[in-house]
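The values are calculated or read from the model by the stated rules, or taken from the named source; none is laboratory data. This structure is a prediction, so every number in the text was calculated from the model and none was measured. All Cβ positions, glycine included, derive from the backbone under ideal geometry; neighbour counts span all protein chains shown.
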Amino acid sequence: MQMAPSGGISEAGSFRFPKGARLASRKVIREVFRQGGGKSLGVFQVRFLSGAEPQSRFLISIKRKGGSSPQRNRAKRLLREAFRKSRHQLAASWDICFYISKPLPGHLTAAQVETEVRTLFAFLNRQSPTTGKS
């Protein structure tokens, strides 16, 4: 890993979750849901579309009926962590929207979420990056 002048690890050698990895544009999110492909990952539903940016971006949306606020916050935290750790495995740039519209199960583990995210990334690596479909 490379050391930054401030003594910390530089962006190039870290697994940080930079602002650029967040999908925030309403226009792009709408496009992902209208034109992108979809996949179910157990608890999570996913919509994805080949990204125009150099790095993959993602979004998490959980409705209130997904559970209590601590449950929803935990699910979002686990998804962010899994994405942060595994995003380097994506061969191309993707815009990915994770969403939950059903109640969450009682206890979600980091291992479960990481497995689902790795499964998604393997699936995306087999897709055509120009259309987001196989």
Exercise. Identify, by number, the condition in (1) closer than 30 Å to Gly106 by Cβ; (2) at pLDDT 85 or above that Val28 doesn't meet.
Key: (1)
Exercise. Report, by residue number, each residue of the range 24-43 that is within 14 Å of Leu124 (Cβ to Cβ) and not aliphatic (A, V, I, L, M).
Key: Gly36, Gly37, Gly38, Lys39
Self-check item: Considering residues of the range 106-128 that are farther than 21 Å from Ser69 by Cβ and exposed (fewer than 15 other Cβ atoms within 10 Å of the Cβ) only, the residue modelled with the lowest pLDDT
Solution: Ser128
Exercise. Give the residues of the range 106-124 that are of a type in the set (S, T, N, Q) and either in contact (Cβ under 8 Å) with a residue 40 or more places away in the chain or part of a helix (DSSP H, G or I) (or both), sorted by residue number.
Key: Gln112, Thr115, Thr119
